[in-house]
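A.B. asks: Have a look at the structure that comes next, please.
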Amino acid sequence: MNNNLNRRNFLKAVGLAAASLTIPGCRSGGWQPQALLGDGSAPNFIIIYCDDLGYGDIGCFGSTKHRTPNLDRMAAEGMRFTSFYVTSGVCTPSRSSLMTGCYPRRVNMHQNDTGLCVLFPVNKKGLNPDEITIADLLKKQGYATACFGKWHLGDQRNFLPTRQGFDYYYGIPYSNDMGKGRNNNRPPLPLVQNEKVIEAPAKQDTLTKRYTEEAIKFITANKDRPFLIYLPHTMPHNPVHASEKFRGKSANGIYGDAVEEIDWSTGEILTSLKKLGIDDRTLVIFTSDNGASNSFGGGNGPLRGHKGSTWEGGMREPCVVRWPGKIPAGKTCDKVATTMDLMPTFAKLAGTKPPDDRIIDGRNIWPLMAGKKGAKSPHQAFYYYQIDQLQAVRSGKWKLHLPLKQKKQNWGKPVPNSPLQLYNLDDDISEKNNVADKHPDVVKRLLALAEKARDDLGDVNRKGKNQRPAGWVENPRPLLFGSM
């Protein structure tokens with residue numbers, strides 16, 4: 001890794017042990033915020049990150065199947081981002097971008113150790129501990145940091161959240177369909193606390209409930225200091241589960257039950273912030289890691305495509321942001337923004353900046369969140385990758401699907417002879433009307449942007465100039481009950 005300051009040195013420089021573990025609310029020493037907002041108090045950050053929730057799966061984004069009163073109220077009290085993107089249509093690469101502020105190919109998390117689209121249990125690969133995560137960055141500023149939910153950036157000890165800037169972890173290390181089955185030798189799905197498996201197989205019916213309870217405990221214990229909570233829900237990924245209180249209660253089967261329980265969870269967290277008197281000090285962001293699958297009950301609203309694709313339905317996500325008094329209420333922003341932007345934005349608000357010894361692809365989008373007049377997207381282009389293949393590019397309202405002899409899919413055989421297609425997403429959100437013939441100048445400009453990405457990040461059989469290595473272990477071990 002070509003960094004002048006790697007993660008271990010970074011942590012050493014701020015007096016933190018690379019593998020330090022803490023119980024929520026119990027830390028040695030005090031904290032001092034570093035130059036923050038108006039009244040001198042440090043803002044708290046909560047990221048609620050669903051698994052496979054579609055663009056059209058919540059009421060404030062058009063769902064008529066799911067009752068989501070808490071999220072609808074959150075949108076009424078905050079802002080909807082309607083052109084908000086993740087960097088992949090599947091879990092692992094998408095999550096790597098949120099953590100690092102980088103495209104998956106930048107940090108080599110676009111595929112696993114055998115070339116598949118996501119990490120599997122006992123893979124050799126994981127997020128490089130030398131990367132600086134959003135948790136690392138805020139920890140330097142005196143933040144308490146915790147992750148509650150699905151990690152999916154490596155299940156080996158060096159790759160776990162506790163080695164990536166989080167004081168506390170409670171959740172599953174990969175997708176809930178990756179446990180022991182009839183035709184595999186995987187370990188039972190583990191529930192991990194810090195670095196110890198405390199339950200296997202994890203009781204999935206109550207995961208959303210337990211994540212919520214753990215998060216509220218952490219908020220309560222750290223109400224007098226700044227904190228970062230990353231809550232990557234296990235649901236509504238298949239196999240979909242919901243607790244007894246919600247099971248069988250929605251109009252859309254178990255999938256709807258799970259969505260409505262996530263809405264309840266969000267409401268419990270917002271209520272806790274109000275009760276503790278820290279509501280106006282806390283920025284809460286709700287979104288999803290990729291679009292809904294084309295089965296199991298999810299919906300991507302007017303968008304074409306689904307989970308695992310580079311159509312809008314695979315990578316454009318519902319996003320609601322809320323911070324009373326700081327983010328204007330009841331507003332909508334349609335400017336292009338991404339999960340990669342959260343690190344630079346949080347850094348700005350916390351009085352610091354992203355690491356400057358490496359390329360960070362995200363940009364500060366606080367002007368958009370704050371509703372500043374004339375604020376524009378900081379992205380000249382946004383790139384849609386499928387595993388190692390660049391498939392599309394968006395610039396402003398235009399999206400170009402590149403001509404490909406073999407268009408890769410995450411699962412199944414490549415699609416042959418995929419043609420060049422240009423869509424005006426302002427007028428054609430469903431990507432139905434190919435207007436490439438009418439706008440050759442736009443096609444030429446976007447093809448040039450695509451070539452810049454290939455040079456920088458790479459493409460099939462082409463290494464990018466500015467890629468960094470993933471983490472790697474030669475002898476991976478399974479996470480088993482009681483193991484540390």
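The values are calculated or read from the model by the stated rules, or taken from the named source; none is laboratory data. What you see is a predicted model; the values in this text were computed from it and never measured. Backbone-built Cβ (ideal geometry, glycine too); neighbour counts: all protein chains shown.
A.B. asks: Could you list, in sequence order, the residues of segment 303-322 that are in a loop (DSSP other than H, G, I, E, B) and either within 16 Å of the chain's Cα centre (by Cα) or within 19 Å of THR68 (Cα to Cα) (or both)?
C.D. replies: Of everything in segment 303-322, those that are in a loop (DSSP other than H, G, I, E, B) and either within 16 Å of the chain's Cα centre (by Cα) or within 19 Å of THR68 (Cα to Cα) (or both) turn out to be LYS307, GLY308.
Matching residues to (1) in a strand (DSSP E or B); (2) assigned by TED's automatic domain parsing to the domain that holds PRO121; (3) of a type outside the set (A, V, I, L, M, F, W, C); (4) surrounded by 16 or more Cβ atoms within 10 Å (Cβ to Cβ):
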| position | (1), (2), (3), (4) |
| --- | --- |
| PRO187 | no, yes, yes, yes |
| VAL192 | yes, yes, no, yes |
| ALA202 | no, yes, no, yes |
| LEU207 | no, yes, no, yes |
| ARG210 | no, yes, yes, yes |
| LYS223 | no, yes, yes, yes |
| ILE229 | yes, yes, no, yes |
| MET235 | no, yes, no, yes |
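Every residue, every condition in (1) crowded, with 21+ Cβ neighbours inside 10 Å; (2) in the same structural domain as LEU137 (by TED's automatic domain parsing); (3) under 20 Å from GLU312 (Cα atoms), yes or no:
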{"residue": "THR345", "(1), (2), (3)": "yes, yes, no"}
{"residue": "ASP356", "(1), (2), (3)": "no, yes, no"}
{"residue": "ILE360", "(1), (2), (3)": "no, yes, no"}
{"residue": "ALA392", "(1), (2), (3)": "yes, no, yes"}
{"residue": "GLY396", "(1), (2), (3)": "no, no, yes"}
{"residue": "LEU404", "(1), (2), (3)": "no, no, yes"}
{"residue": "ASN410", "(1), (2), (3)": "no, no, yes"}
{"residue": "PRO419", "(1), (2), (3)": "no, no, yes"}
{"residue": "ASP426", "(1), (2), (3)": "no, no, yes"}
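A.B. asks: Sticking with this structure for a sec: Which pairs have Cβ atoms under 9 Å, sit 6 or more apart or on different chains, and link a residue in segment 458-484 that is free of Cβ contacts under 8 Å to residues at least 40 places away in the same chain to one that is aliphatic (A, V, I, L, M) and surrounded by 12 or more Cβ atoms within 10 Å (Cβ to Cβ)?
C.D. replies: LYS465/LEU457
A.B. asks: Determine, yes or no, whether GLU131 is more than 25 Å from LYS307 (Cα to Cα), in contact with a strand residue (DSSP E or B) (Cβ under 9 Å, 6 or more places away or on another chain), crowded, with 24+ Cβ neighbours inside 10 Å and among the acidic types (Asp, Glu).
C.D. replies: yes
A.B. asks: Scan segment 246-256 and give yes if some residue there is assigned to a loop (DSSP other than H, G, I, E, B), touching a residue at least 24 places away in the same chain (Cβ under 8 Å) and touching an Asp or Glu at 6+ places or on another chain (Cβ under 8 Å), otherwise no.
C.D. replies: yes
A.B. asks: Same structure, new question: If only one of ALA392, ALA450 is of a type outside the set (Asp, Glu) and part of a strand (DSSP E or B), which one is it?
C.D. replies: After applying the criteria, what remains is ALA392.
A.B. asks: For the structure I just gave you, tell me whether ASN290 is in a loop (DSSP other than H, G, I, E, B), among the polar types (S, T, N, Q) and crowded, with 24+ Cβ neighbours inside 10 Å.
C.D. replies: yes
A.B. asks: Listed residues SER295, SER377; which is outside the structural domain of PRO93 (by TED's automatic domain parsing) and assigned to a loop (DSSP other than H, G, I, E, B)?
C.D. replies: One residue alone meets the criteria, SER377.
A.B. asks: Follow-up question, since we're still on this one. I'd like to verify a number: residues in segment 345-365 that are more than 24 Å from LEU425 (Cβ to Cβ) and part of a helix (DSSP H, G or I), how many?
C.D. replies: Selection size over segment 345-365: 4.
A.B. asks: Filter segment 307-336 down to residues that are among the hydrophobic types (A, V, I, L, M, F, W, C), crowded, with 24+ Cβ neighbours inside 10 Å and closer than 14 Å to LEU283 by Cβ, then give me how many there are.
C.D. replies: 3
A.B. asks: Kindly state which strands (runs of 3 or more DSSP E) lie completely within segment 58-171 and contain at least 1 residues that are of a type in the set (S, T, N, Q).
C.D. replies: Of the strands (runs of 3 or more DSSP E) lying wholly inside segment 58-171, those with at least 1 residues that are of a type in the set (S, T, N, Q) span 79-85, 144-148.
A.B. asks: Related question: Name the residues in segment 323-344 that are more than 20 Å from the chain's Cα centre (by Cα) and outside any loop (DSSP other than H, G, I, E, B), would you?
C.D. replies: LYS331, THR332
A.B. asks: Another question about this same structure. Return a yes/no flag: does segment 457-472 have any residue that is in a helix (DSSP H, G or I) and either over 23 Å from THR339 (Cα atoms) or not charged (D, E, K, R) (or both).
C.D. replies: Yes; the residues of segment 457-472 include at least one that is in a helix (DSSP H, G or I) and either over 23 Å from THR339 (Cα atoms) or not charged (D, E, K, R) (or both).
A.B. asks: Now a separate question. Among the residues of segment 434-452, is there at least one that is within 24 Å of SER293 (Cα to Cα) and of a type in the set (Gly, Ala, Ser)?
C.D. replies: Within segment 434-452, none of the residues are within 24 Å of SER293 (Cα to Cα) and of a type in the set (Gly, Ala, Ser).
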